[in-house]
Structures are given as structure tokens and as C-alpha cells.
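Encoded as C-alpha cells, the structure appears first; notes follow it.
What follows draws every value from the coordinates through simple rules; no lab data is involved. Note that the structure is a prediction, hence the values are computed from the model and not measured. Cβ sites come from the backbone with ideal geometry, for glycine too, and all protein chains shown count toward neighbours.
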Protein chains: 2
Amino acid sequence: MGLSRYYTPTRVTLGPEAWKEVACELKKEGARKVLVHYGSARIEKNGFLDSILCLLDEAGIEYIRLSGVVPNPRLSLVRKGIDICRKNGIDFILAIGGGSVIDSAKCIGYGVRYDGDVWDFYSQKATPQDTLPVGCILTMAAAGSEMSDSSVITNEEGGLKRGCNSDVCRLRFALLDPCLTYSLPSYQTSCAVVDIMMHTMERYFTSGSSLPLTDNMAYALLRSVKEAGQKALRRPDDYEARAVLMWASSLSHNGLLATGNDTKGDWACHQLEHELSGMFDVAHGAGLAAIWPAWARYNLAVNPGRIAALGRNVLDISDSGDDMKDAEATILAMEDFYSRIGMPVRISGLGISLSDEDINTLAYKCSFEGKRTIGAFRKLSQEDMKAIYTLAR
Amino acid sequence: MGLSRYYTPTRVTLGPEAWKEVACELKKEGARKVLVHYGSARIEKNGFLDSILCLLDEAGIEYIRLSGVVPNPRLSLVRKGIDICRKNGIDFILAIGGGSVIDSAKCIGYGVRYDGDVWDFYSQKATPQDTLPVGCILTMAAAGSEMSDSSVITNEEGGLKRGCNSDVCRLRFALLDPCLTYSLPSYQTSCAVVDIMMHTMERYFTSGSSLPLTDNMAYALLRSVKEAGQKALRRPDDYEARAVLMWASSLSHNGLLATGNDTKGDWACHQLEHELSGMFDVAHGAGLAAIWPAWARYNLAVNPGRIAALGRNVLDISDSGDDMKDAEATILAMEDFYSRIGMPVRISGLGISLSDEDINTLAYKCSFEGKRTIGAFRKLSQEDMKAIYTLAR
């Protein structure tokens, strides 16, 4: 048993109209000139952006807007943001959106306080030491970036999607109003459910020992998200269900559910999915759903007891006394759940027809040209990656 | 549904020999001259204190020791600590111990940065605005003070035990080595189990709505602590059990298990127990065990469904379809569990024989001379307090 660390300094406010605290939070941070960073024209058109800017105006906080963040956020926009911040003396970044916007904001924050190329942090050439502070108004609950140490950016040159983990980028504040997610389309809600669950499942599939407390809380979160997801799909304005999804998105990715465990988890499915969406630009949650069953089948024999325990505690698999049998039932039950919420369980379900050459390319890139393995539950070589992509095809 | 807040900036390191990070953590904080604050002569005699001081010496960090903290930590020692800090230019307080030592350290921290009398914060005459930073090496898992916003101090003048809650006092770091609790005597381990469970149960008994995710995680924690407590009593050096208790002590009191709920919880049992241990100096956990059954019986009709759900999810009460019946069974099952781990379920079990006059005095003091109610699950007047003390007698 080694040391594990838990560090979540983000001030969270959860509840209806939490976003109205924005000026108060910015004042606490001493922010004077803010980059207001967001994605779509939707919040411009529906008046939500104006409501926020109005609060900033009233508080005498200056701002510059930067919109245009897309899912799998792009390095080119990040570079533009760094430039704007430097030229205008921006001292705080306010992200309004979901994981893509927050990740983009984190990357801009790193870049402003770094003399070299910000991509260095994502190509593992350098480690972030500083950032412009970032806070957020969350409008989509999925990625958990609002409390995580992670950001994922896509470099259009080469279609590389890469992550960077550092406590430096932990947000100063996160304003979580579940009502803002009422208008999320069903497909995105389902993607969110998978994304949230997978952040916990990646941590759950540790290679070594795990703390029973952490396991039990992981099961509690997974069950809660599974139920809330189905409720939110039936009734998109179910406050309780949306609040569960939103708070679970944060807790699932803030490190809580790996604390006390031997490793920080497996994360192979995330790496496999990153290559897939780097190449095909698929929705992250749907990509994870398409890959997990193949990953689980490929690794069934590694620790069938742990897969079976997941099924027994989360998916109502009754204990037959045979771990292998129950583990197989667990994978089927997870596929069944994913299917019922409209998620794919194969890559073909994403509308992608992978050729053998595609698979070779994906595995080549995912293994950093054969130079790294991924995973902790079981270390996966380039050949293993090919096998999983093939199983998932 | 109102706003709820979650703010836990403490850097936690959990695992064997976590305390060896102490110099590294103090350096991160820029500490140069530290008040090393602790309780008993035990850590002096067994060499543990020397091991820590050695690490400080090696790192070139100066220190002054202040020992003598007792359970229900005293204001007089706090005053002494404030004086030492001021006279010696102390810039950081390192607490080595459990809740009492950390609470004492928090109170010293407040006092050093306040011109008035530090008791003002505990008698609600003033609100803390600043503190000398505090970090800890935890040697006892129970109170959860290592991540909480709370400190409780006993003023010998009048035997007043009072709490102060403020985010200002959140610790900068907490080093959690479960092995340090192997030597904890059975009685103290049992007290710890009750204390940890009660921090979650106080939050669980909210007056309004609660988030299913938060309820499910509360059940998960309570079940885990119940199991780990029994294991630790059977085998005091069971690493896993001790780690569950230690991490649960932090999570139970850091605010996590009230987030998303309408209120921060009930806390009446804590207030009733504070008066009791202010007057009789009983162990906090044992005092809570002696009071909870009476509190629950007195409030049975308020929301039997919620008491019953606790029993069904934590104490293996099967759902009879009758909430009132299951709630009664829950209280009996909790009493049974407390008894099995050697905890009292009545005040007489603490060796205290309460007179009617004692009860009048306790209720008078607990109600701030009749000027306040306590509790949220149900607001309790001075008369209600008398009735509960009488039921618990």
C-alpha cells in the first residue's frame, strides 16, 4: 500500500441559480479583468451570457469574450486565448460551459504563464508550474473538469488528443446550477452518464488493493448516476436527477474515488478513446461506451472478482458464487444499460467502420509509436491495444 | 432547494508513513518557525516526536514545542499558545494528535491573528477573519477536525464547551498514517467509530430534501465504518480497517455528506453532548452514543421514513413496508451495535447519575439560557432538551 493524495481546493456552490454568485466569487479572487470563455452561440442568443455579463458590469469587473470552443477543444483557439490574455492584461479566466470549455480555459491559463509552447505540457516535454487562475459556471455535467486536475486538448496538426494532469490547474471556484442542464439533449445526457460513470470505473479498476470505503462510495455513486440518468432522460427538468448528475460529475473526477487505493486507476479506456476521437471526432462518452465492453472482455481473466463485484453492487447481478460467470453477466448488464440509454456498445455503433489499417494507426498512436504501455488493471502493449480495438470494432 | 457549498482545500496524504512528508509540506507552506503542538507525553516517550523533530531539523525548520492538550481542549492552554506564537514569531502551527490537538491549534491560530479575546469567536461575539496556518499529523481518527471547518474548545471558567465554524481554519495539509492508530485502546476506537458515524448521521438528519447521491454515499460510509470498526476492535493492527476509519473520519466531517442537501444537518445531539461533556468531561463519542437513541426516539414521528431508510441501508433492517416499525427497529439495531462495541446507550452507562437539577442546568446552558433552539430535523426548545436528557438518563 502506497501513499495516495486528495487535493480539491475548488470552492463549489451547488444549487439553483448558483451562477448568480459569479461576481462575488470573482471579487474574492481579486479579479479585475476577466477572459469570459465559452463555446456556442446558444448562450449568446438565449440571454444567459448577457445575464452574467450584467453581473460583471454591476461589480465593475472588466472582461473580454472569447467564444468558439468545440467538443474536443482545439489548440488553435487556445493559442488565440493566450494571445488575448497577454495583450490585454487579463488576470482571471471565467469558463462558461462544460468540460471542453473548462479544459480550453485551463490550457490558456497554463500558456499565459509559460514562456515556451503550451503544447509542451501535453506532449510531456514540460510540467506546468503556474497558471492564470480559472473559475467556472458549469452548464453541462459530464467531464468533471470543474474539480479535476486534468485537461485534454486536441492539436489539429496530426489529430493528436492529449491530456495534461496537474494540481496547478485546479479551479478556484465552480458554480453548479443543475437547472442549466435541463435543456441538454438526450444523446448528450446519455454521453454524460457514461462519462461520469467511466471516471469512477477507471479509478475502480486499480491494479493493487483498494480501500473498502472507497469501493463502497464508488458503488454508491455509480448506482446513483445510473438511476438519475434514466430519470433525467424520462424528464429532462427533474431537478433532483440533474443535481445528482452534476455533483457526481465533479466527485467522479476530483480524485475522491481513488483515494486510499494503490493506484490512481486504469485509464486504458480513456487512452483508447482519446485516439478514436482524435481521429474521428466522436463524443467522448459514446466513445467510452463503445470501448469499455471490449476492454472488459479482453481483461476478464485478470481479476474477474472485481468485475463481478461491480455488477453485484451496481447492476443487480446476484452472486452465483462463480466470479467468472458473474463478471461475464456484469459486462452484458452494462451493455444492456448503455443500450437502453441509447449509447453504442461497439465502435460500429458510432457510425465508424474501422479498417485494419485504422486499427494499426490507432494502436501505433495510442502506444506513442510503440514506446508506452497503457492501463494498470493490466498493462496493455501496442498488440493488446490492437486486439481491443478489433474486439470493439 | 437552496445553495450548498463544498470547500475542502486541505492537501491530504493518506498511507503508511505519510508523516514523513512533514518537512516537505511545511516547506511548501514557507514555514520557518513552527509551533509543534501535541497532547500526551506518549509521543515523547515512544520516540515518535523525536522522529518528526529530526525531519524538521534536517530541513532547517525552527520550532517551539507546546504539549499538554487534553480531551475537551482547554482555553487556558490556547491562551498560552497564542502568547508563545506572538513572542517567538511563529509562522505555522503543526498539530500532532487527534481532534483535541487540532482544535486547540485552530483556536491558537485564530487568536494570534486577532486583537481581541479569542473566546469571542466561541461565544459568537465575533467571526474569524484570519488565522496562522495550521497543518497536522493525525494520530487518532475520530473528530475529523483535519478537514473540517470546526473547532471546539472548553472554557474552564463556567465549564463551557463551545464550537466555532469557519472556512478560515481549514488545515493546509493533513498527513494521515493509519498505522499510527494501531495502538489506540479499544474504548477509544469505539468512541471514534461513534464519533465518525455521528458526523454523517447529524448531516443525514436534515430538515428538508436531500440528494440521493449524498444519501447513498452516507450509507456507504456508515456501512464501511461499522464493518471497519468491528475489524479494528478484533485486530488493532488491521491496516485496511484503520485506513477506512481514518479516511472516513475526514470525509464524515469535511462537508461532503451534506452537499446537495437543504440544510447542513441537525447537530442537536452534538449540542446536547457538548453540555454533558462540558459539565462531566466524558469522551465525546461515548457521550454521543448515550444521547442518540433518546434523540431518535423523541423525534421518531418527525420523519420515520428517514430513520427507517438509515436502518434498511446500514443496519440490515428489512423493509416491512411500515416506516414507523422499521424506524423503531433501526434505533434498537443502533443500540445493539453500540452495545456490541462497548459503547453506552444511556447517560447512566457513562457512570453519570443525572439529577433533575443537573438536567435543568444542562438544558438551561444548552439553550443559551432559553435564548436559542437547537436542531434542524426538529427544532428543540429548552423543554425538548430536558425531555431528551431525561429519556437518555
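Percent antiparallel among DSSP beta bridges with both residues in the protein assembly as shown, to the nearest 5?
Around 30 percent antiparallel, to the nearest 5.
At B:Q230, label 7 Å along Cα→Cβ: distances to the other copies, nm, ascending?
Ordered by distance, the counterparts are at 3.1 nm.
Suppose you put the label 7 Å out from Cα in the Cβ direction; list, shortest first and in nm with one decimal, how far A:N46 is from each other copy's label.
5.8
Roughly how big is segment B:186-392's charge dipole about its Cα centre, with Cβ charges of +1 (Lys, Arg) and -1 (Asp, Glu), in debye to the nearest 20? The partial results should precede the final answer.
Values: 20 positive and 26 negative charges, 58 e Å.
Dipole of segment B:186-392, to the nearest 20 debye: 280 debye.
Which longest uninterrupted range of chain B lacks any chymotrypsin sites (Phe, Trp or Tyr not before Pro) assigned by DSSP to a loop state (not H, G, I, E or B) and surrounded by at most 16 other Cβ atoms within 10 Å?
B:183-367
Below 8 Å, C-alpha to C-alpha, sequence gap of six or more: please give me the relative contact order for segment B:11-180 in percent.
Rounded, it is 28 percent for segment B:11-180.
Sort A:L354, B:L14 so the one with the fewest other Cβ atoms within 10 Å of its own Cβ comes first.
With the sparsest Cβ surroundings first, the list reads A:L354, B:L14.
Could you size up the charge dipole of chain B around its Cα centre, putting +1 on the beta carbon of Lys and Arg and -1 on that of Asp and Glu, and report it in debye to the nearest 20?
420 debye
Of all GluC sites (Glu not before Pro) in segment B:326-393, which ones are in loop regions per DSSP and have a Cβ with at most 14 other Cβ atoms within 10 Å?
B:E369
How much FRET efficiency would the formula 1/(1 + (r/R0)^6) give for A:R5 and B:E357, where r is the Cβ-Cβ distance and R0 is 45 Å, rounded to 0.05? Present the calculation step by step, with values, prior to reporting the outcome.
On the way: r = 52 Å, r/R0 = 1.16.
Plugging the Cβ-Cβ distance into 1/(1 + (r/R0)^6) gives 0.30.
Report the local net charge at A:R11: Lys and Arg +1, Asp and Glu -1, summed over other residues whose C-beta lies under 12 Å from its C-beta. If you can, show how the numbers build up before the last one.
On the way: positive: A:K28, A:R170, A:R172, B:R5, B:R170; negative: A:E21, A:E25, A:E29, A:E146, B:D167.
Here the count lands on 0.
Between B:K45 and A:R113, what is the spin-label point distance in nm, taking each point 7 Å from the Cα along the Cα→C-beta axis?
4.8 nm
Could you check the simple spin-label distance between A:A301 and A:E58, using points 7 Å along Cα→Cβ, in nm with one decimal?
6.5 nm
Need one number for the protein assembly as shown: average projected area of the convex hull over its C-alpha atoms, nm².
About 33.0 nm², averaged over all directions.
Students often forget the sequence filter, so: which lysines lie under 16 Å Cα-Cα from B:K87 once same-chain residues fewer than 8 apart are removed?
B:K33
For chain A, max minus min Cα coordinate along each principal axis, in Å, sorted largest first?
Per principal axis, max minus min of the Cα coordinates gives 65, 44, 43 Å.
Post the alpha-carbon centroid distance, segment B:336-384 to segment B:195-242, in whole angstrom.
23 Å
In which sequence would A:C269, A:C54, A:C179 go, from the one with the fewest C-beta neighbours within 10 Å to the one with the most? Intermediate values should be presented prior to the final figure.
On the way: A:C269 25, A:C54 12, A:C179 17.
Least to most surrounded, the residues fall as A:C54, A:C179, A:C269.
Spelling out what I want: for every residue of segment A:347-352, take phi, set θ = phi - 60°, compute 6.51 cos²θ - 1.76 cosθ + 1.60 (Karplus), and round to whole Hz; glycine and proline get x.
For segment A:347-352, the Karplus-derived couplings read 5, 4, x, 8, x, 10 Hz, x marking Gly and Pro.
In terms of Cα to Cα distance under 16 Å, which aspartates and glutamates are near enough to A:K365, apart from those fewer than 8 places away along the same chain?
Within the straight-line cut-off, A:K365 pairs with A:E156, A:E157, A:E273, A:E275, A:D281, A:D356, A:E357, A:E383, A:D384.
Have a look at the DSSP beta bridges in segment B:11-180 and tell me what percent are antiparallel, nearest 5.
Here the antiparallel bridges make up roughly 20 percent for segment B:11-180.
For the protein assembly as shown, what does -39500 (n - 2.57) per DSSP helix run (n ≥ 4), summed and divided by total residues, give at 222 nm, in deg cm²/dmol to the nearest 500?
-15000 deg cm²/dmol
Considering only chain B, what is the antiparallel percent among its DSSP beta bridges, to the nearest 5? Present the calculation step by step, with values, prior to reporting the outcome.
Details: 7 of 31 bridges.
Beta bridges within chain B, antiparallel portion: roughly 25 percent.
How high is the relative contact order of chain B, in percent, counting Cα pairs under 8 Å that sit 6 or more residues apart?
Numbers: 765 pairs, mean separation 61.5, N = 393.
16 percent.
Taking θ as phi - 60°, what are the ³J(HN,Hα) couplings along segment A:261-274 by the Karplus curve (6.51, -1.76, 1.60), each to the nearest whole Hz, with x for Gly and Pro?
8, 5, 10, 7, x, 8, 6, 5, 4, 5, 5, 4, 6, 4
Please get the size of the charge dipole for segment A:11-180, origin at its Cα centre, with Cβ charges of +1 on Lys and Arg and -1 on Asp and Glu, quoted in debye to the nearest 20. Don't skip to the answer; put the middle values down first.
Numbers: 21 positive and 22 negative charges, 40 e Å.
Using only the charged Cβ atoms, the result is roughly 200 debye.
Got the A:E157 label distances to the other copies yet, label 7 Å along Cα→Cβ, in nm, shortest first?
When each copy's label point is compared with this one, the spacings are 7.2 nm.
Using +1 at the C-beta of Lys and Arg and -1 at the C-beta of Asp and Glu, which of A:P9, A:L49, A:A23 has the Cα lying farthest in the positive direction of the dipole of segment A:6-144?
Of the listed residues, the answer is A:L49.
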